[in-house]
Amino acid sequence: MTDRKLLSPATLGALQLPNRLIMAPLTRCRAGDGYIPQSINATYYAQRSAAGLIIGEATQVARNGIGYPNTPGIYTSAQVVGWKQVTKAVHDRGGRIFLQLWHAGRVAHPSLLPEGEIPIAPSPIAANCMADTANGQQPHVTPRALALTEIPRIIEQFRQGAKNALMAGFDGVEIHSANGYLLDQFLQDSSNQRSDKYGGSVENRARLLLEVVQAVVEVWGKGKVGVRLSPSSAFNDMQDSNPTATFSYVADALNQFGLAYLHAIEPRIQGNITIAETGKGLGARFFRSIFQGSIVTAGGYTCEMGEAVLQEDSADFVAYGRLFLSNPDLPKRFALNAELNRYERNTFYSSGEQGYTDYPAIETLGL
Ligand code: PHB
């Protein structure tokens, strides 16, 4: 079984990976006070260090970039210190870890923000869906449109997040431009109705993402920055009037940066839910003919489906989220064709060890 392509070593940008299984970035809502990673977070990631690459969870680059309760940040020195214990624990176990840089934009619910603040966005258009807050589900509010003069600050927040991730000992970073968060809100025209140089044409809507990528690549250099896109997802009330045109332009424009990879979320996934076995729409296969670098594909893959997507050469790496969450030794389980632990959805976003660091590895099952 070890002749599977999924389990074969590969080069990803500047990194050598022992296999092509990537741990997908997973929001787990378990940072400590001050949105600082704790030793429990280090344990969780270290348990999963057999991944070819771990992509750390969505991590806000600014206080108002928070998307859910207790998501970690990368904008204070205490957060950098907190992340250092995570990267050290993963490296001590022989693993590699990127950090996902995130700004939630309009879906940062006011209950998560300092008193009186409202979320920022390209345009004052509320996401027509519910927010997960500390007080349960609440409707999203109408956000405040960023002034043109405020946009350079957003780019600097991503640049500083990238510098902080470097200081914290990560091996690279992924820019979160998917799932209806700030950069995706700029890309797609249902949430961006600006009339300045950041709205209107696809060139204008992609401008912020490309400026952020430029800034982050200036910090990290070539082969250490990935970008995540979800061209088919309606999660967080996203929609574009011409996704093929929008995302072809973006994928082509991303060719100029020497990225480590483009990370595509497949159409069958909405947030953390599988909506269809075979989703129609844009995913890795679509990007393959446009983007010249490595492609990571994510979205409800089994071992067999992951192997198949690599064999048909629609992608170079497969990201596993829910299966990695519940199987810390997933590559080994695939190699042995071993049974998988089932994931418990009700502890995805809860607190403490339960459903987080207590999923057993194979050894403890006596196999
Ligand atoms: C995301 O960061 O993209 C994300 C977070 C939480 C979810 C789904 C997606 O439930």
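Taking segment 144-169 as the search range and keeping residues that are under 15 Å from the mean Cα position of the chain (by Cα) and away from the ligand (no atom under 16 Å from the Cβ), which one is nearest to Lys222 (Cα to Cα)?
Narrowing segment 144-169 to residues under 15 Å from the mean Cα position of the chain (by Cα): 158, 161-162, 165.
Checking which are away from the ligand (no atom under 16 Å from the Cβ) leaves us with 162, 165.
Numbers: Ala162: 13, Ala165: 16 Å.
Result: Ala162.
Just for segment 258-289: of the residues that are closer than 26 Å to Gly223 by Cα and over 18 Å from the mean Cα position of the chain (by Cα), which one is surrounded by the fewest Cβ atoms within 10 Å (Cβ to Cβ)? Break it down stepwise before answering.
Step one: filter segment 258-289 for residues closer than 26 Å to Gly223 by Cα, giving 258-266, 282-289.
Adding the requirement that they be over 18 Å from the mean Cα position of the chain (by Cα) leaves 258, 285-286, 288-289.
Details: Gly258: 15, Arg285: 16, Phe286: 20, Arg288: 19, Ser289: 10.
By that ranking, first place goes to Ser289.
Considering segment 87-123 alone, what residues qualify as being free of Cβ contacts under 8 Å to residues at least 60 places away in the same chain, within 30 Å of Arg20 (Cβ to Cβ) and not small (Gly, Ala, Ser)?
Filtering segment 87-123 down to residues free of Cβ contacts under 8 Å to residues at least 60 places away in the same chain leaves 89-90, 92-95, 108-119.
Imposing the further condition that a residue be within 30 Å of Arg20 (Cβ to Cβ) reduces the set to 89-90, 92-95.
Once the filter is applied, which keeps residues that are free of Cβ contacts under 8 Å to residues at least 60 places away in the same chain, within 30 Å of Arg20 (Cβ to Cβ) and not small (Gly, Ala, Ser), segment 87-123 yields Val90, Asp92, Arg93.
So in segment 45-68, with the set limited to residues that are within 16 Å of the ligand (Cβ to nearest atom) and hydroxyl-bearing (Ser, Thr, Tyr), which one is surrounded by the most Cβ atoms within 10 Å (Cβ to Cβ)?
Per the criteria, the residue is Thr59.
Among the residues of segment 224-236, write down those that are away from the ligand (no atom under 12 Å from the Cβ) and under 16 Å from Ile269 (Cβ atoms). Walk me through it before giving the result.
Step one: list which residues in segment 224-236 are away from the ligand (no atom under 12 Å from the Cβ), which gives 224-227, 231-232, 234.
If the condition is that a residue be away from the ligand (no atom under 12 Å from the Cβ) and under 16 Å from Ile269 (Cβ atoms), then Pro231, Ser232, Ala234 are the ones that fit.
Could you list all residues from segment 12-29 that are within 16 Å of the ligand (Cβ to nearest atom) and either under 14 Å from Thr71 (Cβ atoms) or surrounded by fewer than 23 Cβ atoms within 10 Å (Cβ to Cβ) (or both)?
Going residue by residue through segment 12-29, those that are within 16 Å of the ligand (Cβ to nearest atom) are 22-29.
Pro25, Leu26, Thr27, Arg28, Cys29, listed by residue number.
Restricting attention to segment 30-40, does a residue exist that is of a type in the set (Phe, Trp, Tyr), within 11 Å of the ligand (Cβ to nearest atom), surrounded by fewer than 23 Cβ atoms within 10 Å (Cβ to Cβ) and closer than 27 Å to Gly116 by Cα? Can you show your working first?
The first filter runs over segment 30-40 and keeps only residues of a type in the set (Phe, Trp, Tyr), leaving 35.
Remaining after also requiring within 11 Å of the ligand (Cβ to nearest atom): none.
Scanning segment 30-40 turns up no residue that is of a type in the set (Phe, Trp, Tyr), within 11 Å of the ligand (Cβ to nearest atom), surrounded by fewer than 23 Cβ atoms within 10 Å (Cβ to Cβ) and closer than 27 Å to Gly116 by Cα.
If you check Asn337 against the conditions, is it over 20 Å from the mean Cα position of the chain (by Cα) and among the polar types (S, T, N, Q)?
Values: over 20 Å from the mean Cα position of the chain (by Cα): yes; among the polar types (S, T, N, Q): yes.
Against the criterion (over 20 Å from the mean Cα position of the chain (by Cα) and among the polar types (S, T, N, Q)), Asn337 qualifies.
Return the pair list, or none, for Cβ contacts closer than 7 Å from residues in segment 12-32 that are under 14 Å from Arg322 (Cβ atoms) to residues that are more than 14 Å from the ligand (Cβ to nearest atom) and in a loop (DSSP other than H, G, I, E, B), at least 6 apart or on different chains.
So the pair list comes out as Leu21/Ala51; Leu21/Gly52; Ile22/Ala51; Ile22/Gly52; Met23/Arg48; Met23/Ala51; Arg28/Tyr356.
Output the number of residues of segment 170-190 satisfying the condition of being farther than 24 Å from Val90 by Cα, within 16 Å of the ligand (Cβ to nearest atom) and either of a type in the set (Asp, Glu) or not in a helix (DSSP H, G or I) (or both).
Residues meeting the conditions: 7.
With the condition kept exactly as written, say whether any residue in segment 134-143 is over 20 Å from Arg194 (Cβ atoms) and in a loop (DSSP other than H, G, I, E, B).
Yes, some residue in segment 134-143 is over 20 Å from Arg194 (Cβ atoms) and in a loop (DSSP other than H, G, I, E, B).
Scanning segment 195-248 for residues that are among the aromatic types (Phe, Trp, Tyr) and assigned to a loop (DSSP other than H, G, I, E, B), which turns out surrounded by the fewest Cβ atoms within 10 Å (Cβ to Cβ)?
Filtering segment 195-248 for residues among the aromatic types (Phe, Trp, Tyr) gives 198, 220, 235, 247.
Retained after the next criterion (residues that are assigned to a loop (DSSP other than H, G, I, E, B)): 198, 235.
Working: Tyr198: 19, Phe235: 22.
Selected residue: Tyr198.
Does segment 313-323 contain any residue that is part of a loop (DSSP other than H, G, I, E, B), within 22 Å of Ala50 (Cβ to Cβ), without any contact (Cβ under 8 Å) to a residue 60 or more places away in the chain and touching a strand residue (DSSP E or B) at 6+ places or on another chain (Cβ under 7 Å)? Talk me through it step by step, then tell me what you get.
In the first step, residues of segment 313-323 are kept if they are part of a loop (DSSP other than H, G, I, E, B); the result is 313-316, 321.
From the residues that got through so far, the ones that are within 22 Å of Ala50 (Cβ to Cβ) too are 315-316, 321.
Still in the running and without any contact (Cβ under 8 Å) to a residue 60 or more places away in the chain: 315.
Of the ones still in play, those that are also touching a strand residue (DSSP E or B) at 6+ places or on another chain (Cβ under 7 Å) are 315.
Scanning segment 313-323 turns up at least one residue that is part of a loop (DSSP other than H, G, I, E, B), within 22 Å of Ala50 (Cβ to Cβ), without any contact (Cβ under 8 Å) to a residue 60 or more places away in the chain and touching a strand residue (DSSP E or B) at 6+ places or on another chain (Cβ under 7 Å).
Is it true that some residue in segment 129-140 is modelled with pLDDT of 95 or more, in contact with a Pro (Cβ under 9 Å, 6 or more places away or on another chain) and β-branched (Val, Ile, Thr)?
Looking for residues that are modelled with pLDDT of 95 or more, in contact with a Pro (Cβ under 9 Å, 6 or more places away or on another chain) and β-branched (Val, Ile, Thr), one finds none in segment 129-140, hence no.
Please verify whether Arg48 is of a type outside the set (Ser, Thr, Tyr), under 14 Å from the mean Cα position of the chain (by Cα) and modelled with pLDDT of 95 or more, treating the condition exactly as stated.
Values: of a type outside the set (Ser, Thr, Tyr): yes; under 14 Å from the mean Cα position of the chain (by Cα): no; modelled with pLDDT of 95 or more: yes.
Here the answer is no, as Arg48 does not meet what is asked.
When you go through Gln79, Gln60, Gln85 one by one, which is the residue that is polar (S, T, N, Q) and over 19 Å from the mean Cα position of the chain (by Cα)?
Gln85
Just to confirm my filter: which strands (runs of 3 or more DSSP E) fall fully inside segment 1-114 and include at least 3 residues that are touching a Pro at 6+ places or on another chain (Cβ under 7 Å)?
Working: elements: 10-12, 15-17, 21-23, 53-60, 97-102.
In segment 1-114, 53-60 are the strands (runs of 3 or more DSSP E) which contain 3 or more residues that are touching a Pro at 6+ places or on another chain (Cβ under 7 Å).
Report yes if some residue within segment 188-196 is among the acidic types (Asp, Glu) and either under 18 Å from the mean Cα position of the chain (by Cα) or at pLDDT below 95 (or both); otherwise report no.
Within segment 188-196, the first condition is being among the acidic types (Asp, Glu), and the residues that meet it are 189, 196.
Add one more test, that the residue is either under 18 Å from the mean Cα position of the chain (by Cα) or at pLDDT below 95 (or both), and what stays is none.
Within segment 188-196, not a single residue is among the acidic types (Asp, Glu) and either under 18 Å from the mean Cα position of the chain (by Cα) or at pLDDT below 95 (or both).
Looking at (1) surrounded by fewer than 20 Cβ atoms within 10 Å (Cβ to Cβ); (2) assigned to a helix (DSSP H, G or I); (3) not polar (S, T, N, Q), can you tell me which one Glu117 breaks?
(2)
The values are calculated or read from the model by the stated rules, or taken from the named source; none is laboratory data. Here the structure is a predicted model, which is why all the values come from computation and not from measurement. When we count neighbours, we look across all protein chains shown, and the Cβ atoms used for this are built from the backbone with ideal geometry, even at glycine.
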